[in-house]
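Let me begin by presenting the structure, written as structure tokens, before commenting on it.
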Amino acid sequence: MVKFWLHISDAEQLRRFKRRAKDPLKAWKLTDEDWRNREKREQYVEAVEDMVARTDQPHAPWHLVPADSKRYARVTVLDTVIERIEAGMRKWGFEPPPPLSHDDDG
């Protein structure tokens, strides 16, 4: 099992909300409830900290990923999943294939 928490800062969340509110193709995704919940951000942060503390286990650790940069977060998640799959393969006696070099992309 691989668990992730993608953390977005308060400032980045606000920036994304405002940008989404102005975009007619995405504004429908943003509701009054989202804005109300944003006012409870500190409570959500406490709840997340409690969740991680209670459910972080050696066999299923949390991976806390800074996600202000969507690209960084996505690459970090992919890298982590690959690492966990390869570790599982090794645990069961399978050697993962070597990474492709750029010459092999053909």
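Just so it is clear, none of the values below were taken in a lab; they were calculated from the coordinates. Model, not experiment: these values are computed from the prediction. Because the Cβ atoms are built from the backbone with ideal geometry, glycine has one as well, and the counts that use them run over all protein chains shown.
Tabulated data
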read-out	value
Chain lengthening between Lys40 and Lys18 when straightened (0.36 nm per residue, less Cα-Cα)	6.2 nm
Expected 222 nm ellipticity per residue - DSSP helices of 4 or more, -39500 (n - 2.57), all of the chain, to 500	-17500 deg cm²/dmol
Spatial separation of Cα centroids for the stretch 31-64 and the stretch 67-95, in angstrom	22
Mean separation of Cα contacts under 8 Å, 6 or more apart, over the residue count of the chain: relative contact order %	39
Dipole magnitude of the stretch 15-56 about its Cα centre (Cβ charges: Lys, Arg +1; Asp, Glu -1), debye to nearest 20	520
Stretch in the chain that is longest and holds no trypsin sites (Lys or Arg not before Pro) that DSSP places in a loop and that have at most 15 other beta carbons within 10 Å	41-106
Label selected from (i) 51, 41, 20; (ii) 80, 30, 19; (iii) 51, 33, 30, the criterion being Cα extents along the principal axes in Å as computed here	(i)
Span-rule helices in the chain, defined as complete DSSP H runs reaching 24 Å or more along the axis (Cα) with Kyte mean at least -0.5	70-91
Estimated dipole of the chain in Debye, rounded to 20 [Cβ of Lys and Arg +1, of Asp and Glu -1, Cα centre]	580
